[in-house]
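Visitor: Dropping the structure in here first, questions after.
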Amino acid sequence: MGRRALRKPDPSLDLSRHLKTLDELPRPWRPEVLFGRCGPLEVEVGSGKGLFLRSAAAARPQLDLLGIEIGRKYARFAAAALAKRGLDNAVVVHGDAVRLFAEILPPTSITAVHVYFPDPWWKKRHKKRRVLRESFLCDVQRVLVPGGQFHFWTDVEEYCETTLELLAALTQLEGPFEVAQQEAEHDMDYRTYFERRTRQHGEPVYRSEFRKRLEGISKRSS
Ligand SMILES: C[S@@+](CC[C@H](N)C(=O)[O-])C[C@H]1O[C@@H](n2cnc3c(N)ncnc32)[C@H](O)[C@@H]1O
């Protein structure tokens, strides 16, 4: 599925609170620098236009959300939507999620990781570009708190199967747990824009959810 040109955000919006680059993030990691508090923090990888970030930030004000998006225009668009609505519990980082996880997020710091419709990189020689690669999945397990969740939805059956196999082989996350499809109650009642598009085209969505074990955490999962 192709992507339409993006509307430019209103230039009068101040994005300084809602848009950061990877290099602007505090090292060592101190989320309170971004959010002004230190509470439960969830990360969305590949936020695109940011529908999930703004819906979740509005629905759960007690939660902090960090979106990471490699496309600059998409990162700006998603940040502008947060700024416009005054949703100060969500921030978009422009950068590579693989680096965010490998270099910045410490162990047991994140309550949920969300990955919705990651780019499939269809060609065999391009598959190594997938965000859900071996090192990244090990980092997901490392950064989650005990009981933390990993949500992965895709419209690509092969990406789903490959990732589930990697998770079983490389991590001790429990799952996959079943995720039921919800009826949309209005035109934007979808987890993300890609879910909306996929369902409106009548195509299947493969949803999975995993959980980090509360007990018996081994060296691999620290
Ligand atoms: C197919 S789109 C899905 C967007 C959104 N999650 C949705 O479901 O509507 C995948 C998004 O992931 C972003 N992306 C791809 N690789 C990434 C990476 N390594 N780090 C951060 N974002 C990435 C792309 O720029 C794109 O916006």
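Visitor: In region 1-50, which trypsin sites (Lys or Arg not before Pro) fall in coil by DSSP and have 12 or fewer other Cβ atoms within 10 Å?
Guide: When the trypsin sites (Lys or Arg not before Pro) of region 1-50 are filtered for loop state and at most 12 Cβ neighbours within 10 Å, R3, R4, R7, R37 remain.
Visitor: Report the one residue of A58, V140, A79 whose Cα lies farthest in the direction of the positive end of the charge dipole of the chain (charges on C-beta: Lys and Arg +1, Asp and Glu -1; origin at the Cα centre).
Guide: Projecting each Cα onto the dipole axis, the largest value belongs to A79.
Visitor: Measuring from a point 7 Å past the Cα of L166 along Cα-to-C-beta, which residues in region 43-79 have an amide N at less than 16 Å?
Guide: Taking a point 7 Å out along Cα→Cβ of L166, the residues of region 43-79 whose backbone N falls under 16 Å are 45-46.
Visitor: Loop only by DSSP, 13 or fewer other Cβ within 10 Å of the Cβ. Give me the trypsin sites (Lys or Arg not before Pro) in region 80-135 that pass, ordered by residue number.
Guide: Details: sites: K84, R85, R99, K123, K124, R125, K127, K128, R129, R130, R133; in loops: R85, K123, R130, R133.
The qualifying sites are R85, K123.
Visitor: Output ³J(HN,Hα) for region 116-121: one whole-Hz value per residue in order, computed from phi by the Karplus curve 6.51 cos²θ - 1.76 cosθ + 1.60 with θ = phi - 60°, and x for Gly and Pro.
Guide: Each residue of region 116-121 in turn: 10, 6, x, 4, x, 6 Hz.
Visitor: Still on this structure, please answer the following. Report the net charge of residues surrounding F177, where surrounding means a beta-carbon distance below 9 angstrom and charges are Lys +1, Arg +1, Asp -1, Glu -1. List each step's numbers first, then the result.
Guide: Values: positive: R211; negative: E174, E178, E209.
In short, -2.
Visitor: Given a 1.4 angstrom probe, I'd like the percentage of the accessible area of the chain that is carbon and sulfur, rounded to a whole number.
Guide: Carbon and sulfur together cover 50 percent of it.
Visitor: Within region 91-109, which residues have the backbone N less than 15 Å from the label spot 7 Å out from D23 along Cα→beta-carbon, could you tell me?
Guide: Counting backbone N atoms under 15 Å from the label point, the list is 94-96.
Visitor: Size of the dipole of the chain about the Cα centre, Lys and Arg at +1 and Asp and Glu at -1 on the beta carbon, nothing else charged, in debye to 20?
Guide: On the way: 37 positive and 30 negative charges, 175 e Å.
Here the chain has a charge dipole of around 840 debye.
Visitor: While we're here: Can you give the accessible area per residue of region 77-222, in Å², using a 1.4 Å probe?
Guide: Values: 7470 Å² over 146 residues.
On a per-residue basis, region 77-222 sits at 51 Å².
Visitor: Which part of region 132-155 falls in the paramagnetic zone of E174, meaning amide N under 13 Å from the point 7 Å along Cα-to-beta-carbon?
Guide: 146-150
The values are calculated or read from the model by the stated rules, or taken from the named source; none is laboratory data. Everything numeric in this text was worked out from a predicted model, so none of it was measured. As a convention, Cβ positions derive from the backbone with ideal geometry for all residues, glycine included, and neighbour counts pool all protein chains shown. Heavy atoms of the whole protein, side chains included, go into the accessibility calculation; ligands, DNA and RNA do not. Shrake-Rupley method; radii C 1.70, N 1.55, O 1.52, S 1.80 Å.
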